[in-house]
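Q: Okay, handing you the structure first.
The values are calculated or read from the model by the stated rules, or taken from the named source; none is laboratory data. Everything numeric in this text was worked out from a predicted model, so none of it was measured. Glycine gets a Cβ as well: all are built from the backbone with ideal geometry, and neighbour counts include every protein chain shown.
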Amino acid sequence: MNGSKAHRAVSLVYGRAALLGLMAVAIVLCLGGICVFIPLGLVTRSDASIWVLIIPSVLYFLILNGGALGTLAWVVRRRKRWLDGLFTPLGLRGERYNLMGRQYQGTVEAREVTARFFQGPTLEVYLSTPLQTRLGVAEEGSTTLSLAHLAGREPVALEDPDMSGLHAFALDERWARALLTDPEARTLVRRLMSAGESWALVRQLILTPGALCLRLYQNRNLFKYDVTPEEAEDWLDDLLALARIAEGMPAPRVTAEESSGERLARTGGGGRIAVVMVALLVGVPTCLLALGAAAFFVWAIR
């Protein structure tokens with residue numbers, strides 16, 4: 001199995017995080033040297049007033065926090081405008097998801113549709129279906145394929161040249177093979193599995209009990225990614241067409257009920273858990289540091 005895509009995904013995630021971390025450290029150290037360490041040297045070595053240290057230190061705190069909050073607000077507002085332009089023309093209503101993501105929900109052709117964009121970057125488009133089985137299509141070398149092999153799941157054989165480079169995993173292999181050999185369904189799957197090819201490193205097409213999902217995640221570029229309104233509309237149209245074909249076939253014989261994990265992913269509940277964890281891991285220490293700094297300044301000016 002070719003694991004290059006899985007390795008590249010991991011490398012990009014950690015490489016991007018390392019670069020951003022180095023940039024943040026450089027900014028913090030430069031400002032800290034100017035606003036804290038130089039005034040501290042003046043106070044300790046030349047017997048200058050304590051206010052020489054207090055005033056720049058307060059400015060340092062305000063600049064860092066104000067800059068971070070300002071950047072966050074700019075990113076959230078810019079992302080909202082972009083995503084509203086993609087999904088509101090499709091009849092979906094938007095709302096905030098997680099700290100910086102967006103979620104859009106509505107009804108299209110009597111189906112519940114949910115589009116979700118969040119950190120990764122990750123874009124998910126879900127639509128409801130009465131089908132109660134599981135089918136996943138992934139690219140060769142993807143992390144999905146690696147995990148499936150670790151779990152002992154073997155792919156459905158796809159002998160058609162049009163499906164080269166793709167692997168499918170199914171609960172009902174006979175039903176999945178019949179779907180993926182249908183000429184129109186095969187064209188739709190191939191097209192959906194090339195969605196976001198300019199930026200998405202990993203693409204998945206997943207059918208779980210009650211939902212069909214297109215998931216694009218991890219950026220093959222350093223930062224740049226983009227989706228046009230025409231692409232978003234085409235992907236939704238292709239998902240709807242694929243669902244109609246699958247539902248028009250003889251029902252799968254091997255069925256299942258939606259698991260709690262699948263329900264959590266479909267409804268976006270995992271994102272809410274992540275927000276709580278971030279609040280606990282980041283918010284609490286930040287408050288303690290702020291209280292410590294306030295106590296120090298009170299002690300210093302007595």
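Q: Name the single residue, out of those in segment 194-248 being among the polar types (S, T, N, Q) and assigned to a strand (DSSP E or B), that is farthest from Ala110 (Cα to Cα). Break it down stepwise before answering.
A: Taking segment 194-248 as the starting set, the residues that turn out to be among the polar types (S, T, N, Q) are 194, 198, 204, 208, 218-219, 221, 228.
Filter once more, keeping what is assigned to a strand (DSSP E or B): 204, 208, 218-219.
Numbers: Gln204: 24, Thr208: 19, Gln218: 31, Asn219: 33 Å.
Once the filter is applied, the top-ranked residue is Asn219.
Q: Here are the criteria: (1) in a strand (DSSP E or B); (2) modelled with pLDDT under 70. Tell me which single one Ala279 does not satisfy.
A: Single failed check for Ala279: (1).
Q: How many residues are within 21 Å of Leu166 (Cα to Cα) and of a type in the set (Ser, Thr, Tyr) if we restrict to segment 195-253?
A: Residues in segment 195-253 being within 21 Å of Leu166 (Cα to Cα) and of a type in the set (Ser, Thr, Tyr): 3 in total.
Conditions (1) aliphatic (A, V, I, L, M); (2) modelled with pLDDT of 95 or more; (3) out of contact with any Gly (no Cβ under 8 Å at 6 or more places or on another chain), marked per residue:
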position: Gln204; (1), (2), (3): no, no, no
position: Phe223; (1), (2), (3): no, no, yes
position: Ala241; (1), (2), (3): yes, yes, yes
position: Thr267; (1), (2), (3): no, no, yes
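Q: Next up: Go through (1) surrounded by fewer than 18 Cβ atoms within 10 Å (Cβ to Cβ); (2) in a helix (DSSP H, G or I); (3) at pLDDT below 95 one by one and return the number of the condition Glu262 breaks.
A: Tallying (1) surrounded by fewer than 18 Cβ atoms within 10 Å (Cβ to Cβ); (2) in a helix (DSSP H, G or I); (3) at pLDDT below 95, Glu262 fails exactly one: (1).
Q: Identify the single condition in (1) without any contact (Cβ under 8 Å) to a residue 12 or more places away in the chain; (2) more than 27 Å from Tyr217 (Cβ to Cβ) that Leu53 does not satisfy, given that it satisfies every other one.
A: (1)
Q: Hey, another quick one. With in contact with a helix residue (DSSP H, G or I) (Cβ under 9 Å, 6 or more places away or on another chain), surrounded by fewer than 21 Cβ atoms within 10 Å (Cβ to Cβ), modelled with pLDDT under 95 and of a type outside the set (Phe, Trp, Tyr) as the only criterion, which of Asp172, Asp182 stands out? Break it down into steps so the answer makes sense when it comes.
A: Details: Asp172 fails: in contact with a helix residue (DSSP H, G or I) (Cβ under 9 Å, 6 or more places away or on another chain).
Going through Asp172, Asp182 in turn, the sole match is Asp182.
Q: Do any helices (runs of 4 or more DSSP H) lying entirely in segment 1-119 carry at least 3 residues that are at pLDDT 80 or above and surrounded by 16 or more Cβ atoms within 10 Å (Cβ to Cβ), and which ones are they? Even if it seems obvious, please write down each step before you answer.
A: On the way: elements: 4-32, 38-45, 51-87.
Counting at least 3 such residues, we get 51-87.
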